[in-house]
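Please treat every number below as a calculation from the coordinates, not as lab data. Nothing here was measured: the structure is a model prediction, and the numbers come from that model. No Cβ is skipped: glycine too gets one built from the backbone with ideal geometry, and neighbour counts run over all protein chains shown.
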Amino acid sequence: MGLLLCLSLSATSFAQSQQTLPELGDSAQAGMSLQEERKIGDSVMREYRRDPDFVDDPEIVSYVNSIGQRLVAVSADAGRDFEFFVVRDNTINAFAMPGGFVGVHTGLLLAAQSESELAGVLAHEISHVTQRHIARQVQKSSQLSWAAIAGLLVAVLAARSNPQASQAAIVGTQAGAIQAMLNYSRDFEREADRVGFTLMESAGFDPNGMPAFFERLQRATRLSELNAAPAYLRTHPLTTERMADLQARAASVPYRQVPDSVDFQLVRAKIRADDGSPLEAVAAFQNQIKDGRYATEWAARYGLATALLRARQFRRADAALALARTGAGPHPMLETLGARIKRESGDAAGARDELVRALKDFGQRPYIVYEYAETLQALNAHREAITLLEGIVRTHPHDARAYQLLAKSHAALGHIAWQHRAQGEYYALSGSLPAAIEQYQLAQRAGDGDFYLLSSVDARLRELKDLDAEERKAKH
């Protein structure tokens, strides 16, 4: 991902100059509007959401968003919409895109040795957005256009699965545009460090998290250079300048010990438990526990329970979860895992009771609500599930998973028009406009929709067709 974006936190995008930080001016001076930035970000996100490695696990995504939104809340753009998403990729990387979209690789979540290190990475990326670095890049170079940026972003996405196709796409866009963006990357990286450090401190994280992460990345880069690292890494070596500046900033503020949250440990364990085959994951956690190679034992037990559930070993999963609960105490992720074990082992009623308690104790966290809705569906309580999910989409109209679950319950009850409408909205929010249009057309022809439903279907179908036509035109 680092070929295009100076905004990337891959090793390739840490290339720095020896210049002092220039006066870059007020971010509000950028020539492109916020609406234009959001539009290009939405367009590229539709490509990302179709990627099979786009992580839709609600617990992982909810956690990353909670850290990101905590940082956004203390920024100068606290009222601006941000979306943090996760890509299943073992490389250490994060990246920002126009419109407030920030992506994080699972490899980075595992490489961060503390929650403050993760916060440091997100603060850096948030700062690229709030300082409007891509917009300012466009303003400074007449070679750049939003269409070129969209094409390049999509090409970089393609590099993850097909490097040769991606290279062809990049060559087919504007090579001069790429060089222009890289020419500005050094200054923007250092500005993102400075602004991001302030966000970390204001949000209550350990300011040492950012320099600690960068320093470890620098050491890893040096090692990879000894092992024939890619040419781009060799020609853009990491320097000590940024670390020295960040370490000086960290030394200038009072020391703050910030313990990691339970969520940080559980999310990392879940990512590991979902990697590889179920039996490989089980063996990995068993060996960690046997050898004492873990940050916290209860997180390792939770990871083992998750892997055992994948392996369909329900009794062992329940026993491992019980040990995790003893160490960690009450936590909503432990409760949802317990409910999943019960439901998938055939005890949907027991899962429902567990989730009712979790909703009472922890509130309507999205991933608890999803779990509850799926459990109601397992009990054929589809009308109750629909009532629950309709409440979610009223307050969160961009919740793709809620629409997907709604479609399932409407289908079970024979509500054909409602089913296709919900499925269409799921496709639209998941980035597949042609599939969304097809579903809305099926909803129009279903014959069981009332006047109000059909009116909303007609209006949304026109919107989707216009959007699809606009994107097709932009690609040609």
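Where the Cα atoms of region 384-476 are projected onto their three principal axes, how long is each span, largest first, in whole Å?
Here the spans come out as 46, 26, 19 Å, largest first.
Assuming 0.36 nm per residue, please report the length gained on full extension of the stretch ARG312 to ALA78 beyond their Cα-Cα distance.
Roughly 79.8 nm would be gained on extension.
Between SER202 and ARG50, take the C-beta separation as r, use R0 = 41 Å, and let me know the FRET efficiency to the nearest 0.05. Before the final figure, lay out the partial values.
Numbers: r = 36 Å, r/R0 = 0.88.
After rounding, the FRET efficiency stands at 0.70.
Amide H of VAL86: which non-local residues (sequence gap of 5 or more, or other chain) have their own amide H closer than 5 Å, using H built in the peptide plane?
For VAL86, the qualifying residues are VAL55, VAL104.
Can you give the convex hull volume per residue for the Cα atoms of region 264-410, as a whole number of Å³?
With only Cα atoms used, region 264-410 gives 112 Å³ per residue.
Using the Cα atoms as the points, what is the convex hull volume per residue of region 245-297 in Å³?
122
Counting only residues 5 or more places away or on other chains, whose amide H sits under 5 Å from the amide H of ASP81 once H atoms are built in the peptide plane?
Counting only residues 5 or more places away or on other chains, the set is empty.
Need the full-extension length gain, ASP353 to ALA251, defined as separation in residues times 0.36 nm minus the C-alpha distance. One decimal, nm. Walk me through the numbers on the way to the answer.
Details: separation 102, 0.36 × 102 = 36.72 nm, distance 5.04 nm.
Extra length available between ASP353 and ALA251 comes to 31.7 nm.
Go through region 112-128 residue by residue and turn each phi into a ³J(HN,Hα) via Karplus (6.51, -1.76, 1.60, θ = phi - 60°); whole Hz please, and just put x for glycine and proline.
So the Karplus estimates, Gly and Pro as x, are 5, 8, 7, 5, 5, 5, 4, 4, x, 5, 5, 4, 4, 5, 4, 5, 4 Hz.
Once the piece of chain linking ALA295 and SER66 is laid out straight, how much longer is it, given 0.36 nm per residue of separation minus the C-alpha distance between them?
Gain on stretching ALA295 to SER66: 80.2 nm.
Can you work out the Karplus-derived ³J(HN,Hα) for every residue in region 416-429? Use 6.51 cos²θ - 1.76 cosθ + 1.60 with θ = phi - 60°, whole Hz, and x for glycine or proline.
5, 4, 5, 4, 5, 5, 5, 5, x, 5, 4, 5, 4, 6
What are the ³J(HN,Hα) values, in whole Hz, obtained from phi via the Karplus relation 6.51 cos²θ - 1.76 cosθ + 1.60 with θ = phi - 60°, for each residue of region 35-46 in sequence order, with x given for Gly and Pro?
5, 5, 4, 5, 5, 5, x, 4, 5, 5, 4, 5
What lysines sit close enough to LYS473 to cross-link, taking a C-alpha to C-alpha distance under 21 Å and skipping anything fewer than 8 places away on the same chain?
LYS39, LYS465
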